[in-house]
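The values are calculated or read from the model by the stated rules, or taken from the named source; none is laboratory data. Everything quoted here is computed from the prediction, not taken from an experiment. Accessible surface is based on the protein model in full, side chains and every heavy atom, while ligands, DNA and RNA are left aside. Shrake-Rupley method; radii C 1.70, N 1.55, O 1.52, S 1.80 Å.
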Amino acid sequence: MESNGYQGVWTFAEQRNGKLKRVSYEILARGRELADTLGTELTAVCFGHNISEVDQLIAHGADKVYLIDDPALAVNQEDLCAGELARLIRENKPEILLAGATSLGRAFIPRVAAILQTGLTADCTGLDIDAGKKLLLQTRPTFGGNMMATIICKDKRPQMATVRPRVFKKKAPDANRKGQIIKVDFKKEAVTSRTRLLNFVENITESIKLEDADIIVSGGRGLGKPENFKLIEELAEALGAAVGSSRPPVDEGWIPYSHQVGQTGKTVCPKLYFACGISGAVQHLAGMQSSEMIIAINSDPDAPIFDVATYGIVGDLFQVVPLLINKLKCE
Amino acid sequence: MNIIVCIKQVPGTTQVKIDPQTNSLVRQGTKNIINPFDSYALEEGVHLKERFGGKVTALSMGPPQAEEILREAIACGADQAFLVSDRLLGGSDTLATSYTLSRAIRKIADFDLVICGRQTADGDTGQVGPELAETMGLPFVAYVNKIEEVGAGQIRLQRMVEDGYEVIETSLPAMISVVKEINVPRLPSLRGLARAKSAAVIVWTAADIEADMSRIGLNGSATKVIKIFFPNRERRGEKLQGCMEEQVETLVQKLRESRVV
């Protein structure tokens, strides 16, 4: 679509099981700043069924919320989400659309871009406005995190980007903010879904979710064998932390993929990140280097993880970690 | 079951350099390989052919030397291979690339399933798969880690999501992207290598696939890279000193000071 008459910043507010995802608030926070710079409105679009706390989208910065509540949208059928989002965009013509670079966002937002024949930038970690040209500057890692690229979408609208979770900070809600929740009817006959969700199998092995954790303890190749993840779990328990992993243990089948931190796993940004027996390949760093404090424990003094670690201990993790657990438990 | 596998040739390393003069990527001297994620797509295609019959077609878009990975695909079990190659395709973003591939697939015509890797190792976008599916009007399932069952006109799959996996059924024809958990790609067989040597890789130009010239290459690309640069990696790196007990002691003290623990 050509750029004439497009106005406003939109964010896609993703929900799962009726609950809004954290990334939905993060992009709302950045979307608010972009909308203010452009002097325009911020709108959140939300699809699902019986979604709790839709008003929180207003409290977190939206001027307007388009809500489609329908049982058919409860499990995020991608055919339906793509069709409905494209329809709303055609009707309302926003100049920018942001969505979380989650497994849902990265799978269905490209389809919306294809329907609308516009540009899309994947997995952005930086979003700014070129004030003169009023263009969205979309910055993203490429080549496995070795390079950064800034991308524009000059003529087509909307300018679309998926945004990496945990890059932008969620803002504190303001219960006094005023906004409008507009219920939109689901056009059932317009799109039919050819895919059907039959079942969901959860495989997070403990209770604290990686994305939400304030403290994460991750293990890497240095653990040597699957049983040794016990040690990581013990340290995590002593700290009230979630358990993460670099890619090699996941490849070896020591721990499920859902624990993987890095370029092809999750991006995390906890207050405290422990890397135990992790060398610090650029792909792993891409997923955790914005953590507030990073502790590295590795026997190789030249491991790149020490470059990003706030504090590093060069030593055998099988010696260091038990000492650490002991010390934490004693106090 | 006829399967089309989309593959891309990428630099064998992600340790790329920038030419300070032209501000563009230096690609000379790096060996090119089949995008690692695409080898799982190829293996899955060949595996399905072995179970259900049919044929596997490998398809790529790129410069003439991308023919190498198509021969590799034949060596690993693909029956035929097509390369869309044309100077007019240079500078394609994911929108233009997916349109171009859709034209090639329409020309190949006979398929039940299109498979691609979850993303490429150079661009890392993961967008060409879903954009191509939409352009073709096909249902799309991303991040497939297992094909459970292939029935008449439908397929049941497992696909990975953040906190587990979903079991999904979709009608055929369809398109999927696969993750590395789905299989272990085979090495080329001797017979395959011999076949790859003599097999013809058919090269199509933009005109051959009857592409709309306004939708390919730079003309058809909505996005443009205006700057590339190295990430600003924050250097911290204080290594603690003393014997192991002292280091752990210091660490715990630092953690307490930070008030996180």
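Quick look at the values:
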| quantity | calculated |
| --- | --- |
| List A:PHE274, B:PHE229, ordered by accessible area with a 1.4 Å probe, largest first | B:PHE229, A:PHE274 |
| Rounded to 5, the percent of DSSP beta bridges in the range A:9-183 classed as antiparallel | 30 |
| Residue-by-residue Karplus 3J(HN,Hα) for the range B:161-172, coefficients 6.51, -1.76, 1.60, Hz, glycine and proline x | 10, 3, 10, x, 9, 10, 9, 10, 10, 9, 7, 9 |
| Candidates A:VAL308, A:VAL243, A:VAL23: whichever shows maximal mean-square fluctuation once chain A is modelled as a Gaussian network with Cα springs under 10 Å | A:VAL308 |
| Hits among aspartates and glutamates - C-alpha to C-alpha of A:LYS93 under 13 Å, sequence gap 8 or more where chains match | A:GLU2, A:GLU41 |
| Percent antiparallel among DSSP beta bridges (both partners in the protein assembly as shown, rounded to 5) | 40 |
| B:ARG195 - accessible surface, heavy atoms, 1.4 Å probe, Å² rounded to 10 | 100 |
| Cα convex hull of the range B:3-215 - mean projected area over all directions, nm² | 12.6 |
| Solvent-accessible area lost in complex, 20 Å² minimum, residues of the range A:63-108 relative to chain alone, 1.4 Å | A:GLU78, A:SER103, A:ARG106, A:ALA107 |
| Å² per residue, accessible surface of the range A:9-183 at 1.4 Å | 32 |
| Reach of B:LYS31 by Cα under 16 Å, taken over lysines that are not fewer than 8 positions away in the same chain | B:LYS8, B:LYS17 |
| Distant-in-sequence amide H partners of B:ILE33 (H built 1.01 Å from N, under 5 Å) | B:VAL10, B:GLY12 |
| Heavy-atom accessible area ranking, 1.4 Å probe, most first, across A:ARG106, A:ARG194 | A:ARG194, A:ARG106 |
| Residues of type lysines that A:LYS169 reaches as a straight line, Cα spacing below 23 Å, ignoring anything fewer than 8 places off in the same chain | A:LYS19, A:LYS21, A:LYS64, A:LYS178, A:LYS209, A:LYS266, A:LYS271 |
| Chain A - percent relative contact order, Cα under 8 Å, separation 6 or more | 15 |
| Heavy atoms of A:TYR311: accessible area, 1.4 Å probe, square angstrom to 10 | 40 |
| Accessible area buried between chains B and A, both sides summed, probe 1.4 Å, in Å² to nearest 100 | 7300 |
| Solvent-accessible area, 1.4 Å probe, carbon plus sulfur percent, for the protein assembly as shown | 48 |
